[in-house]
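Engineer: Please read through the structure below; I'll follow up with questions.
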């Protein structure tokens, strides 16, 4: 059964909005769902209208998507009602299922069984829902989130944690990057993160995929799907729960030392996805994936700067992760010498020094870009807000297309130039270097 | 869980497993006969005893005439047989293992061995059976990878030979569902060539 209805529904029904108390989560959900302009109705035992939206006592049409936000003990009847009406997909946001223990697990299996028998695909329970760009600036917000992204783009994100979805949205707002799809899979009674990954791999609107994973139950199938997907578009995975739960009873050294994370990493390596070590590098990797940097292999980089200390930190990071800082070519140095102060060393990192005449920044930085030994550039500028520094980088990018990342602090004019040129800014010199190396992995 | 003895474990892992010159002797005379064929020191191990090193049942640095002296002790402590092997003078110890993950199925691990192994836990896993290039890729992920690139001017570890050990472990794990865990520990590296000095195959209870 197709799960298209989760991301591109033409009709939606919402269970769980209150007729008397608009502050309920179910009312937030109804309002969010109605805000996207899809055909939305509420299902409620007695009300005819809720918050201005038509309500019915029992679903009477085969909608593409139902959103269920009723109390846990009423989920079963809501899912049965939707399944009987022929709903194609459903998302159960309500909690109180497998995450609570045996009894909840039983209830979860029952709702999955009811949906499955009717051919209705189910997301959740215990999740935050879906956000999806429907095209032409129209959005599906089938989630509890009240602040969702409004910039369309190619990034999609599937998460086993709803809260991490909030971190992702917050990052998108800061970075200005655009969203394609978001889905929180919760307890995955039916649809798993792997299913969603496969769908996103086929989704023409999605250009890069992020995944937040706590556990993978279907390891080999995940590897197969992730491998096929990663061959088409970058997939970045953040796995939480890396530490072993403690010593296990095992008869061999191997058995006692093996943690589940080694197995996960073995799977991620075979699949060819990018594994982020932590949330910072996950978001950095999503940024680079969004602008198409992850496919490029960059080993020889130049660091262009006016800030000594931060660029040394960047150089340290480059060495640690296996990047090379080649010596600039003789021709490059001959071009640079008259442009920068006599005391500026023509090394790599290349420090133009703050005393460099403003107009010389542009030809000097362009010369570094033109150097054949340099495959990628990291631009570092702490607080010297001379726009020409940014212009030099922007022109270098435009002329050579060489992958570039940056760390810019308190230099808004420089930042504006870089942003206009599509050059990503990162939160530290080390992260700017790390992001450039994602093409080769760490 | 049922642990096979070292000799049976190595038999299960197959003929392609690189091993030292060794034999399972059933008599002192046979042990001495084998010892006479080996150039250099010999190690004698009681058979069928778990944690034989900790129990003092591994005797190192034996000459051909010493073998008869340790026979009675080792044979009595174990199952009546004694495993004799050429003693490997290694520049590096590795551990190659196998186990099953609930989600990802059979996996082979490569790790740095020796006394620091449990402190650093420097292990990388590969989905079994391995694909081309995955052994080299896994080795490059080890924190101690430079140890395998040649120590103090010595030769690097022969990755093709290491790959044959990985494949032997993977083959047994993938072909026999009764096998729960496998240890090749230590894998002794001598002049770059890895040799499985000791092995342990653990079966599920059912068998």
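Any read-out appearing in this document is the output of simple, stated calculations on the displayed coordinates, not a laboratory observation. Small disclaimer: the values here were computed from a predicted structure and weren't measured. As a convention, Cβ positions derive from the backbone with ideal geometry for all residues, glycine included, and neighbour counts pool all protein chains shown.
Engineer: Calculate the mean, over all residues of peptide B:132-140, of how many other protein chain Cβ atoms lie within 10 angstrom of the residue's Cβ.
Structural biologist: 1
Engineer: Which residues does the label zone of residue B:140 cover in region A:270-311, counting backbone N under 19 Å from a point 7 Å along Cα→Cβ?
Structural biologist: Counting backbone N atoms under 19 Å from the label point, the list is A:270-277, A:294-301.
Engineer: Mind running the shape call on region B:17-92? Use the C-alpha gyration tensor, a ≥ b ≥ c as the square roots of the eigenvalues: rounded below 1.5 for a/c, prolate if a/b tops b/c, oblate otherwise.
Structural biologist: Working: a/c = 1.57, a/b = 1.12, b/c = 1.40.
Oblate, since a/c reaches 1.5 and b/c is not below a/b.
Engineer: Name the shape class, rounded, prolate or oblate, that the alpha-carbon gyration tensor gives for region A:359-442, where a ≥ b ≥ c are the square roots of its eigenvalues, rounded holds for a/c under 1.5, and otherwise prolate holds if a/b is larger than b/c and oblate otherwise.
Structural biologist: It is oblate, given that a/c is not under 1.5 and a/b is not larger than b/c.
Engineer: Separate question: Rounded to the nearest 0.05, what FRET efficiency is calculated for residue A:48 and residue B:120 with R0 set to 51 Å and r the Cβ-Cβ distance?
Structural biologist: With a Förster radius of 51 Å, E is 0.15.
Engineer: In 10 Å bins starting at 0, how do the alpha-carbon pair distances of the protein assembly as shown split up by percent?
Structural biologist: All Cα pairs considered, the percentages come to 3, 14, 18, 18, 17, 14, 10, 5, 1, 0.
Engineer: With springs only between Cα atoms under 10 Å, which of A:148, A:229, A:317 fluctuates most in a Gaussian network model of chain A?
Structural biologist: Among A:148, A:229, A:317, the largest GNM mean-square fluctuation belongs to A:317.
Engineer: Same structure, new question: At a Förster radius of 60 Å, what calculated FRET efficiency corresponds to the Cβ-Cβ distance of residue A:163 and residue B:27, to the nearest 0.05?
Structural biologist: Values: r = 69 Å, r/R0 = 1.15.
Calculated transfer efficiency: 0.30.
Engineer: Mind checking Rg over Rh on region A:129-290, alpha carbons, Kirkwood formula for Rh?
Structural biologist: 1.00
Engineer: Can you give the Rg to Rh ratio of region A:4-123, both from alpha-carbon atoms, with Rh computed by the Kirkwood formula? Walk me through the intermediate numbers first.
Structural biologist: Values: Rg = 13.4 Å, Rh = 14.1 Å.
That ratio is 0.95, to two decimals.
Engineer: For residue B:131 paired with residue A:22, estimate the spin-label separation in nm (one decimal), with each label point 7 Å from Cα along the Cα-to-Cβ line.
Structural biologist: Distance between the two pseudo-spin positions: 5.5 nm.
Engineer: Within a 10 angstrom radius of each residue's Cβ in A:260-273, how many Cβ atoms of other chains show up on average? Whole number is fine.
Structural biologist: Neighbouring Cβ atoms belonging to other protein chains average 5 per residue here.
Engineer: What is the angle, in °, between the Cα long axis of helix A:102-117 and the longest principal axis of the Cα atoms in chain A? Nearest 10 is fine, range 0 to 90.
Structural biologist: Approximately 80 degrees, to the nearest ten.
Engineer: While we're here: Kirkwood hydrodynamic radius (Cα pairs, Å) of region B:63-133? Mind dumping the intermediate values first?
Structural biologist: Numbers: mean 1/r = 0.0636 Å⁻¹.
15.7 Å is the Kirkwood radius here.
Engineer: Arrange the following residues from fewest to most other Cβ atoms within 10 Å of their Cβ: A:133, A:171, B:51, A:261.
Structural biologist: Arranged by neighbour count, lowest to highest, A:133, A:171, B:51, A:261 become B:51, A:261, A:171, A:133.
Engineer: Something else: Which of B:176, A:136 comes first, and how do the rest follow, when ranked by fewest Cβ neighbours within 10 Å?
Structural biologist: By the 10 Å Cβ count, ascending: A:136, B:176.
Engineer: Please arrange B:104, B:120 by counting, for each residue, the other beta carbons lying within 10 Å of its beta carbon, fewest first.
Structural biologist: B:120, B:104
Engineer: Whole-Å semi-axes of region A:310-360's equivalent ellipsoid, largest first, each the root of 5 times a Cα gyration tensor eigenvalue?
Structural biologist: 23, 14, 7
Engineer: In nanometres, what is the gap between the two model label sites at residue A:109 and residue B:72, each 7 Å from Cα along Cα-to-Cβ?
Structural biologist: Result: 6.3 nm between the two label points.
Engineer: To the nearest 500 deg cm²/dmol, what mean residue ellipticity at 222 nm is calculated for chain A from DSSP H runs of n ≥ 4 alone, each contributing -39,500 (n - 2.57), summed and divided by the residues?
Structural biologist: About -11000 deg cm²/dmol.
Engineer: Using the alpha carbon gyration tensor of chain B, what are the three equivalent-ellipsoid semi-axes (square root of 5 times each eigenvalue), largest first, in whole Å? Walk me through the intermediate numbers first.
Structural biologist: Details: eigenvalues 169, 90, 38 Å².
Semi-axes, largest first: 29, 21, 14 Å.
Engineer: In the calculated pair distance distribution of region A:365-406, what percentage of Cα-Cα distances lie above 16 Å?
Structural biologist: Taking all Cα-Cα pairs of region A:365-406, the fraction more than 16 Å apart is 28 percent.
Engineer: Full extension from residue A:61 to residue A:228: what is 0.36 nm times the residue separation minus their Cα-Cα distance, to one decimal in nm?
Structural biologist: Full extension from residue A:61 to residue A:228 adds 56.5 nm.
Engineer: What nm distance separates the two modelled labels at residue B:58 and residue B:205, each placed 7 Å from Cα along Cα→Cβ?
Structural biologist: Once both label points are built, they end up 3.0 nm from each other.
Engineer: Which value, in nm² and rounded to one decimal, describes the direction-averaged projected area of the C-alpha convex hull of region A:291-442?
Structural biologist: About 7.5 nm², averaged over all directions.
Engineer: Find the Rg to Rh ratio for region A:91-147, where Rh is the Kirkwood radius over alpha-carbon pairs and Rg uses the same atoms.
Structural biologist: Ratio value, two decimals: 1.10.
Engineer: Going by a ≥ b ≥ c, the root eigenvalues of the Cα gyration tensor, does region A:255-368 fall in the rounded group (a/c under 1.5), the prolate group (a/b larger than b/c) or the oblate group?
Structural biologist: Verdict is prolate for region A:255-368.
Engineer: To the nearest whole number, what is the average tally of beta carbon atoms from other chains within 10 Å of the beta carbons of peptide A:219-225?
Structural biologist: 3
Engineer: Listed highest first by mean packing, meaning other Cβ atoms within 10 Å per residue, what order do B:127-138, A:391-402 come in?
Structural biologist: Peptide ranking by packing, descending: A:391-402, B:127-138.
Engineer: Suppose R0 equals 22 Å; then what is the FRET efficiency for residue B:152 and residue B:89 from their Cβ-Cβ distance, rounded to the nearest 0.05?
Structural biologist: E(calc), rounded to 0.05, equals 0.90.
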